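Below is one structure, written out as structure tokens; comments come after it.
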Amino acid sequence: MQRQQHHISPSSTDYSALDFNVRPSKRRGSYNCGRCGQPKKGHNCHLTTPTASSSLSTATPTPTDSSTGVSASASLSANRPPRQPYYTHLRRALSFDNMDLSCDSPEPDAMIDEPADADPITSGGLPVICLWEVLRRLPPAGLLAAAKVCKGWRDTTRRLWRASEELRLRVPLRAQVGFVGSILQKCPGLVRLSLRMESDVDATMLACIAFSCPNLECMEVSTSATAVNRITGDELGRFVADKRCLTSLKMEGCSNLGGFVLCSSSLSMLWLSDLYSVSKMVFNCPNLKEISLEFSRQENDFTDLTAMAEGLGRNCPRLQNIHIASLRLSHSVVLALTAASLRGLRMLSLVLGAEITDASVAAIASSYSKLELLDLSGSSISDSGIGMICNVFPNTLSRLLLALCPNITSSGIQFATAQLPLLELMDCGMSICDPNSQNSDSDENSDFELRKAFNNKLHLMYQKLIIKHCRLKKLSLWGCCGLDALCLNCPELNDLNLNSCRNLRPETLLLQCPKLESVHASGCQDLLVGTIQSQVNNDFASLENQYPFKRSADGSKRVRVPESLSQPSDEDMKRRRVGRQCNVMID
């Protein structure tokens, strides 16, 4: 006799009260397989977990919180434009106009396609596309914490790590190499790496990066005040030779290199800072286009810059941008660079070379007539050298930097702005100084180059500066304490630096710059700050008939200021009132 099977009648069940779309929550103590439901003990599941599709290889995490210790960013799709490079606190003339720190902010309109073979609902009940959009905005520290929530979040974070192409990482003070290695191993497709080191850097770190990032193209290593870069020249040379995809290398704290030989057919950008007493520098990089070498400001540095310049001409024929900052720059180094005949050179920056004179300017002008940027800050050129610059580069030069040049006067600056119609940036900081302040700051802590500039000062009177330019956008007159009168008529000017212009008085200041956005006036007189605020905010009512006459630059005669400089029209007043307000920064 068969046993009666008890079952529930279908008519007695209320199916309307059931929701078949809601998945049962995972309870503690479940020992069944999550895929087939069979007991886990002694069970080999025949079902496989779907893998991420190839479309995810282009989606990457992007940071949004700049205050966190660790941050990361990556491109979102293959057709997205490349992000702007992230620059450290070092300011170079070669990247003066390219410093953009807004790349850390994600673009809200960027879309990421959901993988076709991924579950539409994660274990937490959140759609996978929503979870993807949330997690991709987290820094690496947040991704590591999110991976501990559940299996669905852990799988999503793994896909994000595998798809990342750019990583920005801050290494804490007591962090070991294993910390960096554990992060890099999660990103096999990494091509851009930026490390902010608060701990020491050595060859072990380089080996870890070389092993974990086989396709690395761009690497930047910046060091804090507590970190020491212990990498030697031989170790750096081996790293560059082994990384055949490396195109950009930026490294700070290179005081222990000693000597190095860099051989790479792919390297196109090289930045090395804090160099000191380098015995040998060989650059065998035929595709190198930009080089920046900053040496420590110590008098006992014995680096042979002349031999280095000769080697650049022989082995790097495609150089376009050169930046060298060293106290050992001299006329012989300039002659070695001019003899190299770098036909593609467009930007030349030779900073802190007190032995660079007007003869050096003549050599530069005779060899390179298509320069777009020229930085001779800290040199000994005079107004005659400025005249040669104006005669050779009137149709190409757009950026001229002559800070810390004690032999130039306001007449030379005025002549440069009048003869260079394409000029957009000019820096003349600490060039027009007060001769009475030479002996006031003679303490032992003063910088060597500043003391030398003050001792060689040829100016014996206060100077006046009148500039009228239709394309000038940035003007820096920081530290020009010998300037007592300033008149600017620059309709495109948007940034003006007047820090430490102590002798500039309110009654001798006239600003006719309708697009001015920021004025730096730290260290100026209080009355001058109020005058700047009233003038840049288009309050010209108090300026009526206040400036009928002005003296010329040499102080020989008085000339009448044109009406366009002294009183704006009603239409200009209305247009300027609705314009952007200017920020006057005094701190």
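The values are calculated or read from the model by the stated rules, or taken from the named source; none is laboratory data. What you see is a predicted model; the values in this text were computed from it and never measured. Reconstructed Cβ throughout: ideal geometry from the backbone, glycine too, with neighbour counts over all protein chains shown. These area figures cover heavy atoms from the full protein model, side chains too; ligands, DNA and RNA do not enter into them. Shrake-Rupley method; radii C 1.70, N 1.55, O 1.52, S 1.80 Å.
Worth pointing out:
- Between residue 261 and residue 583, the simple spin-label model (points 7 angstrom out along Cα→Cβ) gives 5.1 nm.
- Prolate/oblate/rounded call for the stretch 157-198, Cα gyration tensor, a/c under 1.5 rounded: prolate
- These residues, 368, 276, 462, go from largest to smallest accessible area, 1.4 Å probe, as 462, 276, 368.
- Working from label points 7 Å from Cα in the Cα-to-Cβ sense, the residue 40 to residue 411 distance is 8.9 nm.
- Stretched out straight at 0.36 nm per residue, the stretch from residue 241 to residue 495 would grow longer than its current Cα-Cα span by 87.2 nm.
- Sequence-ordered 3J(HN,Hα) estimates for the stretch 258-266 from the Karplus curve with 6.51, -1.76 and 1.60 and θ = phi - 60° stand at x, x, 8, 10, 9, 10, 7, 8, 9 Hz, glycine and proline given as x.
- Within the accessible area of the stretch 202-267 (1.4 Å probe), percent carbon and sulfur: 52 percent
- Accessible area of residue 507 (1.4 Å probe, protein heavy atoms only, ligands and nucleic acids ignored): about 100 Å².
- Pairs with C-alpha atoms separated by more than 21 Å, drawn from the list 289/473; 148/186; 468/515; 474/515, are 289/473.
- Nearest-10 value in Å² for the accessible area of residue 217, using the 1.4 Å probe: 80 Å²
- Of 155, 375, 200, the order by accessible heavy-atom surface (1.4 Å probe, DNA, RNA and ligands excluded), from most exposed downward, is 200, 155, 375.
- Inter-part distance where the stretch 168-215 and the stretch 242-265 are each reduced to a Cα centre, Å: 16 Å
- Shape of the stretch 153-248, Cα gyration tensor, a/c cut at 1.5: oblate
- For the stretch 218-234, putting each phi into the Karplus relation 6.51 cos²θ - 1.76 cosθ + 1.60 with θ = phi - 60° gives couplings of 10, 9, 10, 10, 10, 10, 8, 5, 8, 9, 10, 8, 9, 6, 8, x, 5 Hz, in residue order, rounded to whole numbers and with x for Gly and Pro.
- The accessible area of residue 520, taken with all protein chains in place and a 1.4 Å probe, comes to roughly 50 Å².
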